[in-house]
Amino acid sequence: MKDFLAVSDYSPETLQALLDSAIQLKEEWKSGGNKPIFKNKVLAMIFQKPSLRTRVSFDMAMRHFGGDALYLSPAEIGLGKRESIADIARVLSGYVNAIMARVFDHAHVVELAKWASVPVINGLSDYNHPCQAMADALTIYEEFGKLKGLNVTYVGDGNNVAVSLMHVCAKLGANFTIANPAGYNIAQKAIEIGKRFTAESGSAITLLNDPHAAVKEADVIYTDTWTSMGQEEETQKRQQVFPPFQVNEKLVAEARKHVIVMHCLPAHRREEITDEVADGPHSRLFPQAHNRLHAQKAILVHLMS
Ligand code: CP
Ligand code: NVA
């Protein structure tokens, strides 16, 4: 496969191989550095939305391999506005060795991949966030030594991050439960895709509206912002609906004793997560953010070698 647009495109075997590769590349980097396998290679990074983790971790990943990354801001590219996506893809393919894109409409990253002759990586769309899911799976795997049979509970909005987390869990055999407010469900199509994978991996997807019931047997509690980028006009409404879905010490205490708490970040402290939890003993927020670097190195090696 040329591109990395969704974890649902990849087999469980390849996803597990990516995790193993990430662990090996992390070890290599910690003990002196990665080999300069991408010397003279450049990753173009198209951003239609802001970013800290995605931008810096991809840039550093390329540098650690002896390569380079090029940041292209929304103002510069004007994806589909200044120029068609098909033209941008074909022009960039003659300059760079791979493209990473953060877009609003998922169809735009699919269109980029269709026209680019170099690999295209999805750095978040309104539909999903597959690089995040790989870092999440890596973090869970490092913590528990497996994903199979674990209970991963997502509390909050059925958004892009939830979709990719659900799919990686379903592929790798973890049970995925979501508790979201009514009307803020994961898209039905994404649930159907996930359910097909659970049939193969022997895991389950459970859809609930009660966070307390959802976390009862949780090994992992995961949350994300109540208002994703592009939904800013709904902020006030969402702030009224979501407070019962806050991940706080009381909710964490209802899960299994060894539960870990995850969040893709950026966090809106005192909204979806409290300081006590984000900075408390169950939190894995920062190792999880750091794992973006290692998971994405594995993706880059897989696509560009
Ligand atoms: N989690 C994540 O993708 O963070 P950024 O938006 O800062 O890249
Ligand atoms: N769901 C969030 C994730 C940010 C990394 C958003 O799309 O804004």
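Listing for the model above:
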item: Radius 12 Å from Cβ of Thr225, net charge of other residues (Lys, Arg +1; Asp, Glu -1); result: -4
item: Antiparallel %, DSSP beta bridges [both residues in the range 104-238], to 5; result: 0 percent
item: For the range 171-244: rounded, prolate or oblate by the Cα gyration tensor [a/c cutoff 1.5]; result: prolate
item: Amide N proximity, the range 139-183 versus Ala199 label position 7 Å along Cα-to-Cβ, cut-off under 17 Å; result: 167, 170-173
item: Anchor Lys49: lysines whose Cα lies under 18 Å away (excluding residues fewer than 8 positions away in-chain); result: Lys81
item: Under 17 Å from Lys250, Cα to Cα: aspartates and glutamates that are on another chain or at least 8 residues apart; result: Asp210, Glu217, Asp219, Glu271, Glu272, Asp275, Glu276, Asp279
item: 0 to 90° range, to nearest 10: angle between helix 53-64 axis and the chain longest Cα axis; result: 50 degrees
item: Amide proton proximity set for Ile260, modelled H, under 5 Å, gap of 5+; result: Val220, Ile221
item: Scattering profile of the chain at q = 0.07, 0.13 Å⁻¹ [log10 I(q)/I(0), Debye over alpha-carbon scatterers]; result: -0.25, -0.89
item: Net charge over other residues, Cβ less than 10 angstrom from the Cβ of Glu142 (K, R count +1; D, E count -1); result: +1
item: In the range 39-96, the chymotrypsin sites (Phe, Trp or Tyr not before Pro) that fall in loop regions by DSSP, at most 15 other Cβ within 10 Å; result: Tyr95
item: Between helix 285-304 and the chain: long-axis angle, C-alpha atoms, 0 to 90°, nearest 10; result: 40 degrees
item: Folded to 0 to 90 degrees: helix 130-144 orientation relative to the chain principal axis, Cα; result: 50 degrees
item: Shape metrics for the range 1-144, restricted to C-alpha atoms - Rg then Dmax, Å; result: 15.2, 47
item: Cross-link table Lys171/Lys195; Lys189/Lys237; Lys39/Lys114, entries beyond 18 Å C-alpha to C-alpha; result: Lys189/Lys237; Lys39/Lys114
item: Contour minus Cα-Cα distance for Asp279 and Lys189 (0.36 nm per residue); result: 28.9 nm
item: For the range 116-235, alpha-carbon Rg relative to the globular expectation (2.2 N^0.38 Å, N residues); result: 1.04
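Laboratory data are not the source of any read-out in this text; all were calculated from the coordinates shown. All values derive from a computational prediction rather than experimental measurement. Cβ sites come from the backbone with ideal geometry, for glycine too, and all protein chains shown count toward neighbours.
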